[in-house]
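Visitor: Structure provided below as C-alpha cells; questions to follow.
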Amino acid sequence: MKESNGLVRFIESNIFQNAILILIGINAVVLALESIPEAKAYFGDLLLEVDKFILWIFVVELVVRIVALGPRFFRDPWNIFDFAIVAVSFLSTAGLSALRAFRVFRVLRVLSAVPRLRLVVNALLAALPGVGWVGLLLLVILFVSAVVATQLFGPRFPDQFGDLFISMFTLFQVMTLEGWPDLANTVVAEIPWAWLFFVVYILVATLTMLNLFVAIIISAMENEAKGDESEPDRESLMLEEIRLMREQMNELQRKLEAKQ
C-alpha cells in the first residue's frame, strides 16, 4: 500500500505532470512538421520515429497510472479520455492507416493535463443543457423570422428569400453580422420599411439570444470554479472529523483501561 501511495504521489507530482505537458508540446510540434511538405522531406523518417517514441512513453505512463490507481482509474472520465486517445493513436501505428489522421487527437491530452483547462471543459459540459434550450429558442426565432421574410421579401429577392430554407440560411448569416448591411441596404432600396424587420431581428437574435449563450457559459464556469475552490475545504473538514473521531476513540479506550 505504501508503494502504491508513493506511486500515486509520483504521478500527481508537478515534475511528472510538467514532463507529460512537455511531451504533448513536442508531439504537437512533430505533427505540425509532418503537415509541412518541406519539413517532412527534410527530416524524413525522423519525425515518425519521434512520434512513435512519444506514443510509447504515453503508453507506459498510462500503464503506470492504471497500476497506481487500480479500479479508480476507470472511474475518472478524464482518465478514460486519455485511455481512448492513446488507444486510437496506438491503433493508428499498428497498421490501421485509416486512423493515422487521428493521431492529432493526442494533443487534446493537454485538456486533461492542465487543471484550468479541465475546469473550462467541465463548465462547458455543465452548460450544455442551458445552451441547448437557448439554442432551441433561437431556432424557433429563426424559423418564425424566415417564414415572415419569405412572405415579405421572397417575390422580389428570390436568391435570398425564395423559400423557407433559403431564408433561414440568409437570416443565419445576418445573425452572425457578416455582410448584413449590404443585404439590408439592397432590400431597403426597394422596400423602404424593411429596415424595421432587420433591426428587430438583429436585436432579438443576435444582441439578446447570443448574449444568453455567453451568460450561461460564464455562469457555469463560475459555479465550476466555486466547486473547485471548495474541494480542499471539504477535504480539510473530513480530515478534521477523522482526527476528532480518533481522539474520542483513544479517550474511550483510556477510560475502559482505567475501569479494568
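The values are calculated or read from the model by the stated rules, or taken from the named source; none is laboratory data. None of these values were measured; they are calculated from a predicted model. Positions of Cβ are generated from backbone atoms using ideal geometry, with glycine treated the same way; all protein chains shown enter the neighbour counts.
Visitor: Pairs under 8 Å by beta carbon, first residue without any contact (Cβ under 8 Å) to a residue 12 or more places away in the chain in the range 116-131, partner in a helix (DSSP H, G or I), six or more apart or different chains?
Guide: LEU117/VAL110; LEU117/LEU111; VAL121/LEU111
Visitor: Here is a follow-up. Can we say VAL60 is touching a residue at least 24 places away in the same chain (Cβ under 8 Å) and either in a helix (DSSP H, G or I) or not β-branched (Val, Ile, Thr) (or both)?
Guide: Considered against the rule, which asks whether it is touching a residue at least 24 places away in the same chain (Cβ under 8 Å) and either in a helix (DSSP H, G or I) or not β-branched (Val, Ile, Thr) (or both), VAL60 comes out as no.
Visitor: Right, something else. Checking the structure you have, find out if any residue of the range 9-20 is of a type outside the set (D, E, K, R), surrounded by 13 or more Cβ atoms within 10 Å (Cβ to Cβ) and under 22 Å from the mean Cα position of the chain (by Cα).
Guide: yes
Visitor: On the given criteria, is PHE90 surrounded by 17 or more Cβ atoms within 10 Å (Cβ to Cβ), in the same structural domain as ILE22 (by TED's automatic domain parsing) and at pLDDT below 75?
Guide: yes
Visitor: Could we say that ILE36 is among the β-branched types (Val, Ile, Thr) and in contact (Cβ under 8 Å) with a residue 24 or more places away in the chain here?
Guide: no
Visitor: Go through PHE53, PHE74, PHE102 for me and flag whichever is assigned by TED's automatic domain parsing to the domain that holds LEU23, modelled with pLDDT of 80 or more, more than 18 Å from PHE10 (Cβ to Cβ) and touching a helix residue (DSSP H, G or I) at 6+ places or on another chain (Cβ under 7 Å).
Guide: Result of the check over PHE53, PHE74, PHE102: PHE74.
Visitor: Could you grab the pairs with beta carbons closer than 9 Å, sequence gap of 6+ or different chains, first residue in the range 155-174 and free of Cβ contacts under 8 Å to residues at least 60 places away in the same chain and under 15 Å from ILE202 (Cβ atoms), second one part of a loop (DSSP other than H, G, I, E, B) and among the aromatic types (Phe, Trp, Tyr)?
Guide: Once the first residue is free of Cβ contacts under 8 Å to residues at least 60 places away in the same chain and under 15 Å from ILE202 (Cβ atoms) and sits in the range 155-174, its partners that are part of a loop (DSSP other than H, G, I, E, B) and among the aromatic types (Phe, Trp, Tyr) give THR170/PHE157.
Visitor: I'm trying to understand the selection: among the residues of the range 181-216, which are closer than 30 Å to LEU124 by Cα, polar (S, T, N, Q) and in contact with a helix residue (DSSP H, G or I) (Cβ under 9 Å, 6 or more places away or on another chain)?
Guide: THR206
Visitor: For the range 145-213, which fully contained helices (runs of 4 or more DSSP H) count at least 1 residues that are in the same structural domain as ALA127 (by TED's automatic domain parsing), surrounded by fewer than 16 Cβ atoms within 10 Å (Cβ to Cβ) and of a type outside the set (A, V, I, L, M, F, W, C)? Let's see the steps before the verdict.
Guide: Numbers: elements: 158-161, 164-175, 180-190, 194-202.
Result: 158-161, 164-175, 180-190.
Visitor: Take VAL63 and tell me if it is more than 22 Å from the chain's Cα centre (by Cα), farther than 18 Å from ALA87 by Cβ and among the aliphatic types (A, V, I, L, M).
Guide: no
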